[in-house]
Amino acid sequence: MEANMNLLHDTGIQATHWLQEHFQGSQDWFLFISFAADLRNAFFVLFPIWFHFSESVGIRLIWVAVIGDWLNLVFKWILFGERPYWWVHETDYYGNTSAPQIQQFPLTCETGPGSPSGHAMGAAGVYYVMVTALLSAAMGKKHLALTWPPAPCRVLWTVLWAGFWAIQVCVCLSRVFIAAHFPHQVIAGVISGMAVAKTFQHIHFIYHASLRQYLGITFFLFSFALGFYLLLRALGVDLLWTLEKAQRWCAHPEWVHIDTTPFASLLRNLGILFGLGLAHNSHMYLESCRGKQGQQLPFRLGCVAASLLILHLFDAFKPPSHMQLLFYVLSFCKSAAVPLATAGLIPYCVSQLLATQDKKAV
């Protein structure tokens, strides 16, 4: 078994070495792809746009991203996946021969286990939701049967899915190029992400879940992850074994960030889910998004523009990393504020502003 894994890891190292050697000029592109595929952009950019133009898609996008990333954490804790940038230094696979030289980048030194890839899993799940939503919106309209012949429908289907797979390939290559993942880890991430997104196409309670249900699910997800960690810790298994490896083998200590640790991502995602529950069951949401103005285009455009601007400014706030407990608490609160502002506070303010302008016009 170990020999097979060493062979698989060596194949991945060779792939990383080949990409870095032949596509050195594409370094900035690969780094941008890894940055863009981070779930933070799904929460701060994609969610505000989708929620105000198609509320159900925005809600499903959040659930797929959060549950997918939670499952990714559990899978990583179970599979104990290595990462290329530390495995190549610790393995005795190469014996007396020199190991391939692997270059590191600012986004390389993630601190959690490597399998499956969280970036690949998140990108696959989020973009699967968006592609299926666009296809459903376009082909689900009754008038399309009269105005669109079958060929354009097939063209749209082909273009969207070709774009989806092009994005997945870029994300996978990016993660392999920067030595954050082995090829089999990104492939597993894509498959897992699509499976999560496909599953949520058949789960409908999320669109009308009560605050109690949101609280219950958030508490369960946190309790399960913490209980799993404490149980294995009591059995002598340290699920944070990768932190020491990251700190030891990262070429630059400043590239090791606390926000890549397993519990940081857990609390960040649970904060997003908790905030969505607060917003979706708030008076502000009911009065604005569910009110008369909720269906008007100026209101939706105003909400999108205001959300993107305010969340961009809000994202600039970075919790202090020198105090871990404070960092985790503030990360949870910051994440909860994202959907609360997007689906509650900002729509309410925009609706009040438009109502005031309408009164002045009269």
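Worth a mention:
- Of the helices (runs of 4 or more DSSP H) lying entirely inside segment 245-326, the ones with 2 or more residues being open to solvent by 60 Å² or more (accessible area, probe 1.4 Å) and either under 22 Å from VAL74 (Cα atoms) or free of Cβ contacts under 8 Å to residues at least 12 places away in the same chain (or both) are found at 283-288, 297-315.
- Residue count, segment 67-97 (criterion: open to solvent by 40 Å² or more (accessible area, probe 1.4 Å) and either assigned to a helix (DSSP H, G or I) or not aromatic (Phe, Trp, Tyr) (or both)): 11
- Qualifying positions in segment 191-204 - out of contact with any Ser or Thr (no Cβ under 8 Å at 6 or more places or on another chain) and of a type outside the set (Ser, Thr, Tyr): ILE191, GLY193, MET194, ALA195, VAL196, LYS198, PHE200, HIS202, ILE203, HIS204
- For segment 192-210, filtering for residues that are touching a residue at least 24 places away in the same chain (Cβ under 8 Å) and either touching a Cys at 6+ places or on another chain (Cβ under 6 Å) or surrounded by 13 or more Cβ atoms within 10 Å (Cβ to Cβ) (or both) leaves 10.
- Residue in segment 31-45 that is touching a Gly at 6+ places or on another chain (Cβ under 8 Å), part of a helix (DSSP H, G or I) and open to solvent by less than 50 Å² (accessible area, probe 1.4 Å) present: yes
- In segment 122-238, counting only helices (runs of 4 or more DSSP H) that sit wholly within it, the ones holding 3 or more residues that are under 18 Å from ASN269 (Cβ atoms) span 183-200, 211-234.
Quick grid of which residues meet (1) closer than 12 Å to MET121 by Cα; (2) modelled with pLDDT under 95; (3) of a type in the set (S, T, N, Q); (4) in contact with a helix residue (DSSP H, G or I) (Cβ under 6 Å, 6 or more places away or on another chain):
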position: LYS142; (1), (2), (3), (4): no, yes, no, no
position: ALA145; (1), (2), (3), (4): no, yes, no, no
position: ARG154; (1), (2), (3), (4): no, yes, no, no
position: TRP157; (1), (2), (3), (4): no, yes, no, no
position: GLY163; (1), (2), (3), (4): no, no, no, no
position: CYS172; (1), (2), (3), (4): yes, no, no, yes
position: HIS181; (1), (2), (3), (4): no, no, no, yes
position: SER192; (1), (2), (3), (4): yes, no, yes, yes
position: VAL196; (1), (2), (3), (4): yes, no, no, yes
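- Some residue of segment 103-114 being more than 22 Å from the chain's Cα centre (by Cα) and either more than 26 Å from GLN247 (Cα to Cα) or not in a helix (DSSP H, G or I) (or both): yes
The values are calculated or read from the model by the stated rules, or taken from the named source; none is laboratory data. Treat the numbers as computed from the prediction; the structure is a model and nothing was measured. Glycine gets a Cβ as well: all are built from the backbone with ideal geometry, and neighbour counts include every protein chain shown. Ligands, DNA and RNA are stripped out before the accessible areas are found, and what is left, the full protein with its side chains, is counted by its heavy atoms. Shrake-Rupley method; radii C 1.70, N 1.55, O 1.52, S 1.80 Å.
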